[in-house]
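Novice: This structure is in structure tokens; I'll ask about it shortly.
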Amino acid sequence: MIRAAARRGQPAQLAAPARAMRLGAVALGLLGGLEAPLSAQLAASGTGLVAVAEHRVDAGRGVEQATGMLFGGEGTLFLGARTEIFLHAASGNLTASSANADDRDLAEVELRATVVPVPWLALHAGFSAREYSSVMVRQRWNALRVGAEARLALVGAGVTGTLRAVVMPSVSVSGLEDPSRAFAAGAGLEWRAGVLALGLRYELERYDFPTAAGVDRREQLSMLTAHAGLRLGGR
Amino acid sequence: MKRLATLALLLGALAPPLPAQTNTAEMLQRARRLYENLEVERALVVLRQVISPALPYLVSPEQRIEAYKYLGASLALQPGAEKRDSAVLYFRAALERDPFVDLDPQSFSPAQLSAFVEARDRTFAAAVRPVLADTLVPGSGQITFQTLTTHRARLSVELRSPTGLRRVLFDGDNDGLREVRWDGLLGDGSMAPAGRYELDVIGASKLLQITDTVTMYLDVTDLHPPLEDTLPTPGPGDLLPEQYPLSVATGNLLKGLGVAAGALLFQSVFTNSTLGAGSALLSGAVAGVGTITGVISFSISQRHRSIPANIGENARRREARETDNAGIRQRNADRLRITRLVIAQATGGAR
């Protein structure tokens with residue numbers, strides 16, 4: 001896939017990532033402005049993560065598939081009871097598991113701001129950057145993400161189930177046209193015991209590209225992430 | 001003439017009764033003056049007119065008693081047993097109307113006093129003198145009741161509160177006047193609450209087979225700063241639920257299953273058909289864990305329905321209420337300590 005894109009020799013669309021970043025910054029600013037500056041109830045969590053990722057691509061030559069492990073970390077800053085700042089970073093190697101695929105490295109970072117209008121619902125907006133790199137080529141993905149998350153408290157507040165839906169209104173991929181449709185969904189659980197926090201979640205991202213040269217390009221990344229860490233502070 | 005007589009009768013009937021304070025008082029004053037000038041016969045005439053039913057003037061009870069007293073005193077000065085017996089009878093008439101009637105030894109002769117003592121011995125009555133409104137500090141102040149038995153008797157003075165609590169103020173032998181004091185406390189040492197009290201004066205003669213009882217009603221009101229109400233016992237709406245309802249267990253199961261269903265749904269439905277469904281292993285892991293978590297949550301919620309945080313909070317609220325009530329009780333006690341009792345005779349009082 002990456003090789004195919006590079007062969008086409010399309011120049012990277014530098015304007016699109018910059019626009020996405022600007023939009024993300026605006027969205028963060030809006031979300032952050034929903035709550036007054038907080039001097040109290042500051043809390044934070046930090047976790048390490050390990051994920052199993054599966055990347056599928058159909059660029060007109062059959063489905064390429066690569067799987068592998070990612071490692072990284074996440075941190076959340078809780079600004080009061082209603083605002084959160086979330087940062088995610090992970091990287092790893094995906095090994096080709098189909099004949100026409102290449103091994104590749106994946107590195108990603110995501111930043112999002114969340115407001116919690118009611119305890120069971122969180123609204124968030126953010127920005128993600130992802131890079132696939134192989135021996136031959138490097139491809140950069142930038143996306144603006146807006147979504148909602150249902151938070152289902154089980155057994156008091158000790159366990160929380162989550163169902164998340166995200167749309168990506170602006171996605172830019174270096175060497176490719178922007179996807180015509182991009183969204184993500186996920187489900188997961190988080191257990192808390194004192195300051196300890198454990199989590200397991202499944203996420204799926206889907207990207208549908210516009211038809212180019214008679215080819216409907218499709219990409220999909222699914223990931224099972226387990227994370228464990230500490231949650232400190234007043235919440 | 002007949003017409004004039006009829007007119008005169010009518011006018012006489014329509015005329016208002018002549019005031020007692022003027023003519024009767026003048027007659028008594030004249031009788032006393034005659035008595036003091038030792039014109040006893042003339043004094044007796046006037047006094048007999050005073051007690052006569054034919055007297056055209058009103059005679060107050062006090063004036064009648066005064067007349068009986070001086071009739072007795074005047075007759076006691078005269079020689080002869082019959083006169084003395086009459087004196088005793090008049091003294092008894094006075095005593096029956098007012099047991100507090102007495103002769104001043106400085107003003108009356110031994111013969112008069114002797115006749116009066118005999119009258120007292122032959123007449124038995126227990127009495128309590130009306131009290132004027134008074135204010136006292138319970139426990140340290142006192143109000144005095146003047147009680148009396150006309151001769152030697154067993155006297156009991158009891159106070160009964162509106163709630164039926166009794167306090168015996170005096171119980172013993174008595175002859176004559178006795179002052180009985182009350183400090184505003186009930187028999188159990190508590191302050192007398194406001195209300196209408198009953199003072200029973202019971203005399204049992206030791207000379208005659210007679211028991212006499214007189215009751216005086218007292219209105220007791222307390223003067224103190226207003227008291228605070230204690231906080232009521234918290235009702236169901238004031239406390240947090242201490243147990244999860246049964247629906248919570250079902251809800252937990254459904255939430256766990258919802259997470260599981262979401263993972264499977266996203267993996268199978270949201271994917272592009274060209275790429276095929278995502279890895280069932282990845283979503284299945286979350287689905288399995290979600291299901292297990294839901295079942296465990298269901299089980300835990302059913303077996304452990306208590307909510308420790310709410311139980312603790314309710315206990316804190318109850319403790320805070322108790323603390324507040326203790327403060328209120330203390331402040332009320334402080335206010336009650338400076339309470340003054342106002343004691344006044346109620347209408348329909350003593351004999």
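Novice: Given the -39500 (n - 2.57) contribution per DSSP H run of 4+ residues, what per-residue ellipticity at 222 nm results for the protein assembly as shown, rounded to the nearest 500 deg cm²/dmol?
Specialist: So the calculated ellipticity at 222 nm is -11000 deg cm²/dmol.
Novice: Roughly speaking, what is the stretch gain from B:A326 to B:T250, that is 0.36 nm per residue apart minus the C-alpha to C-alpha distance, in nm to one decimal?
Specialist: Additional length available on full extension: 23.0 nm.
Novice: Determine the dipole magnitude for the protein assembly as shown: charges of +1 sit on the beta-carbon of Lys and Arg, -1 on that of Asp and Glu, nothing else is charged, the reference point is the Cα centre, and the result goes in debye to the nearest 20.
Specialist: That gives the protein assembly as shown a dipole magnitude of about 740 debye.
Novice: Modelling each spin label as a point 7 Å along the Cα-to-Cβ direction, I'd like the B:A54/B:D188 distance in nm, to one decimal.
Specialist: Rounded to a tenth, the inter-label distance reads 6.5 nm.
Novice: Just the Kirkwood number for segment B:126-224, please: inverse of mean 1/r across all distinct Cα pairs, in Å, one decimal.
Specialist: 13.8
Novice: Here is a further query. Using the alpha-carbon centroid of each, what span in Å lies between segment B:106-126 and segment B:19-88?
Specialist: 17
Novice: Using θ = phi - 60° and the Karplus relation 6.51 cos²θ - 1.76 cosθ + 1.60, list the HN-Hα couplings for segment B:247-254 in order, rounded to whole Hz, with x at every Gly or Pro.
Specialist: Ordered by residue, 3J(HN,Hα) equals 5, 5, 4, 5, x, 5, 4, 5 Hz.
Novice: Over chain B, what is the relative contact order in percent, taking alpha-carbon pairs closer than 8 angstrom and at least six residues apart?
Specialist: For chain B, the relative contact order is 15 percent.
Novice: Charges only on Cβ, +1 for Lys and Arg, -1 for Asp and Glu: so what's the dipole of segment B:241-333 about the Cα centre, in debye to the nearest 20?
Specialist: 320
Novice: Let me ask something else about it. For B:Q78, put the label point 7 Å out on the Cα→Cβ axis and report which residues of segment B:22-66 keep their amide N under 14 Å from it.
Specialist: Counting backbone N atoms under 14 Å from the label point, the list is B:35, B:39-49.
Novice: With a Cα-only, solvent-free Debye model of segment B:241-333, what are the log10 I(q)/I(0) values at q = 0.21, 0.23, 0.25 Å⁻¹?
Specialist: The computed values of log10 I(q)/I(0) come out as -0.94, -1.01, -1.08.
Novice: Please work out the FRET efficiency for the pair B:L240 and B:S299, using the Cβ-Cβ distance as r and a Förster radius of 30 Å; give the result to the nearest 0.05.
Specialist: The computed FRET efficiency comes out at 0.80.
Novice: Within a 10 angstrom radius of the beta carbon, how do B:T147, B:T24, B:T213, A:T83 rank from fewest other beta carbons to most?
Specialist: B:T213, A:T83, B:T24, B:T147
Novice: Also: Taking +1 at the Cβ of each Lys and Arg and -1 at the Cβ of each Asp and Glu, which of B:G288, B:F266, B:Q302 sits farthest along the dipole of segment B:241-333 towards its positive end, judged by Cα position relative to the Cα centre?
Specialist: Of the options given, the answer is B:Q302.
Novice: I've got another one for you. Going toward the positive end of the dipole of segment B:126-224, with +1 on Lys and Arg Cβ and -1 on Asp and Glu Cβ, which of B:M216, B:L132, B:G172 do you reach last?
Specialist: Result: B:G172, furthest along the dipole toward the positive end.
Novice: What is the order of B:V295, A:V63, B:V289, fewest Cβ neighbours within 10 Å to most?
Specialist: The fewest-first ordering by Cβ neighbours comes to B:V295, A:V63, B:V289.
Novice: Just how large is the dipole of segment B:78-189 about the Cα centre, in debye to the nearest 20, putting +1 at every Lys and Arg Cβ and -1 at every Asp and Glu Cβ?
Specialist: Its charge dipole is roughly 180 debye.
Novice: Which value in nm describes the separation of the simple spin-label points at B:Q146 and B:R160, placed 7 Å from the Cα toward the beta carbon?
Specialist: 2.6
Novice: Rounded to whole Hz and in sequence order, give me ³J(HN,Hα) for segment B:154-170 from the Karplus expression 6.51 cos²θ - 1.76 cosθ + 1.60, θ = phi - 60°, writing x for Gly and Pro.
Specialist: 8, 10, 10, 10, 10, 10, 10, 7, x, 8, x, 6, 10, 9, 7, 8, 7
Novice: Just tell me how shielded B:251-260 is by partners: mean number of partner chain Cβ atoms within 10 Å of each residue's Cβ, no decimals.
Specialist: 5
Novice: Sort B:K69, B:K206, B:K255 by Cβ crowding within 10 Å, fewest neighbours at the top.
Specialist: Exposure proxy ranking, most exposed first: B:K206, B:K69, B:K255.
Novice: OK, next. With the calculation restricted to Cα positions, what are the radius of gyration and Dmax of segment B:52-204 in angstrom?
Specialist: 19.1, 59
Novice: Applying 1/(1 + (r/R0)^6) with R0 = 22 Å to the Cβ-Cβ distance of B:T347 and B:V168, what FRET efficiency is obtained, to the nearest 0.05?
Specialist: The calculated FRET efficiency here is 0.30.
Novice: Label-point separation (nm) for A:S91 and B:K206, each offset 7 Å from Cα along Cα-to-Cβ?
Specialist: 11.9
Novice: To continue, here is another question. Which is farthest toward the positive dipole end of chain B among B:M191, B:T163, B:A87, measuring Cα position about the Cα centre, with Cβ charges +1 (Lys, Arg) and -1 (Asp, Glu)?
Specialist: B:T163
Novice: Here's a follow-up. Can you give me the long-range amide H partners of B:F170? Hydrogens built in the peptide plane at 1.01 Å from N, cutoff under 5 Å, separation of 5 or more residues or another chain.
Specialist: B:V157
Novice: How large is the direction-averaged shadow of the alpha-carbon convex hull of chain B, in nm²?
Specialist: For chain B, the mean projected area of the Cα convex hull comes to 40.1 nm².
Novice: Radius of gyration and Dmax for the protein assembly as shown's Cα atoms, expressed in Å?
Specialist: My reading of the Cα-based Rg and Dmax gives 54.1, 163 Å.
The numbers here are math on the coordinates, done by the rules we state, and not lab data. Every value quoted in this text rests on a predicted model; they were computed, and no experiment measured them. With ideal geometry, Cβ positions are generated from the backbone for all residues, glycine too; neighbour counts draw on all protein chains shown.
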